[in-house]
Amino acid sequence: MTLSRVGRALEALGIQAKKAGRDWTALCPSRDHNDRSPSWAIHDEPGAKRDGYHRCYSCGFQGGLAGLVAEVQGVSVREASAWLEALGAGYVAPIPAAVRVVVKGRRQFQLPAGVVVAPLREWPEMPRRYAEERGLRAWQVDRWGIGYALAGRLAGRLVVVTRGKRGEPRRYTARTFLGADKRYLEPLPEEAADGLAVFGEQHWPEAKDRDRVVVVEGALNGLAVERAIGAGVCLAATAGTSPPATLVFGLATFRRVQLFTDADRAGDALADMLSAQLARVGSVVERPRLDDGEDADTVLASRVRELLL
């Protein structure tokens, strides 16, 4: 079943709604409304003047489709409009109707118990030493709100937090500093993390100022790039080799995209996939390639600068 513009937007935003005639109904997506029963609807009538108009009959949240995207993504209306323009190129694959008929509750994501976010100088010796060995700087810990955990499910791990424009946590990646068999832990389903959030978006400028973005595999690689070429660089760190469709929408708002993925089969496959998708919207795409087996987190900063600058 091919989705309309409104249907594609709802799917990409992670709003699970039920279709009823020319409307979709769901829990209100407003950040200020803890909706417990579906009270929000959005009109889906391609070509009609009211196509994309939405309203919550409980809290009054209403407006057009760009305003909805801005609220859910935590971006400006201008950025939301660019996102919708990229969406119009058809980057969300059609999905079966059965995938989108269940309405689920929404709640604010919070970091798990035991995670401490504080200046690096205040960290206990073990996590601080690990962070410094990985090359993290005190200013990066502050800039990105990086933390650690000594208790709870994430005990013994460095916690790199993906945050929204307002600095609110959206998800995390937790890397062991005690040599656990499972090096990385991601959020559990019940933690209600935002699966569409991308590390780096927190510091993206307004759409009109988006000159270049560097795409890497994993936040630690992104932080290594930032150390090498400066805090002014825009980053987009994927979590694995199957990034959300919304990553392409965000990348398409930049004039130039550098795919600095790992020099291995998975990195090449990811770069090829993103290159093909971005080429369809006319983005200027570059692939500065490391030598086989290298990644941004292990090579010298001078080597990173040589490839990216």
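Computed quantities for the displayed model
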quantity	calculated
Residue under evaluation V257, criteria (1) of a type outside the set (G, A, S); (2) touching a residue at least 60 places away in the same chain (Cβ under 8 Å); (3) farther than 20 Å from R134 by Cβ; (4) open to solvent by less than 10 Å² (accessible area, probe 1.4 Å), criterion not met	(2)
Single residue of L278, L235 found to be at pLDDT 85 or above, crowded, with 17+ Cβ neighbours inside 10 Å and within 21 Å of D194 (Cβ to Cβ)	L235
Residues of segment 143-188 satisfying the condition of being within 16 Å of the chain's Cα centre (by Cα), open to solvent by 20 Å² or more (accessible area, probe 1.4 Å) and farther than 24 Å from E206 by Cβ	T173, E186, P187
Among the residues listed as G156, G179, G167, the single one being closer than 19 Å to L120 by Cβ, out of contact with any strand residue (DSSP E or B) (no Cβ under 8 Å at 6 or more places or on another chain) and among the small types (G, A, S)	G167
Matching residues in segment 189-212 - criterion: being of a type in the set (D, E, K, R) and open to solvent by 60 Å² or more (accessible area, probe 1.4 Å)	E190, E206, K208, D209, D211
Qualifying residues in segment 105-142 (those that are more than 18 Å from the chain's Cα centre (by Cα) and among the aromatic types (F, W, Y)) - the one surrounded by the most Cβ atoms within 10 Å (Cβ to Cβ)	W123
Meets criteria (open to solvent by less than 20 Å² (accessible area, probe 1.4 Å) and part of a helix (DSSP H, G or I)) for A82	no
Some residue of segment 283-301 being open to solvent by 70 Å² or more (accessible area, probe 1.4 Å), at pLDDT below 90, out of contact with any Pro (no Cβ under 8 Å at 6 or more places or on another chain) and under 28 Å from E79 (Cβ atoms)	no
Subset tally (residues that are touching a helix residue (DSSP H, G or I) at 6+ places or on another chain (Cβ under 9 Å) and among the hydroxyl-bearing types (S, T, Y)) for segment 115-160	1
Hits in segment 176-233 (condition: in a loop (DSSP other than H, G, I, E, B) and among the charged types (D, E, K, R))	D181, K182, R183, E186, D194, E206, R210, D211
Test: residue in segment 237-258 that is closer than 17 Å to T173 by Cβ, under 16 Å from the mean Cα position of the chain (by Cα) and part of a helix (DSSP H, G or I)	yes
Residues located in segment 22-55, provided they are without any contact (Cβ under 8 Å) to a residue 24 or more places away in the chain, closer than 21 Å to Q108 by Cβ and open to solvent by less than 30 Å² (accessible area, probe 1.4 Å)	S39, W40, H54
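To keep it simple, each residue is scored yes or no on (1) at pLDDT below 85; (2) farther than 30 Å from W204 by Cα.
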{"residue": "R55", "(1), (2)": "no, no"}
{"residue": "S58", "(1), (2)": "yes, yes"}
{"residue": "F61", "(1), (2)": "no, no"}
{"residue": "A66", "(1), (2)": "no, no"}
{"residue": "V72", "(1), (2)": "yes, no"}
{"residue": "R78", "(1), (2)": "yes, no"}
{"residue": "W83", "(1), (2)": "yes, no"}
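The values are calculated or read from the model by the stated rules, or taken from the named source; none is laboratory data. These figures come from a predicted structure and were not determined experimentally. FYI the Cβ positions are ideal-geometry reconstructions off the backbone, even for glycines, and counts take in every protein chain you see. For accessibility, only protein heavy atoms count, side chains too; no ligands or nucleic acids. Shrake-Rupley method; radii C 1.70, N 1.55, O 1.52, S 1.80 Å.
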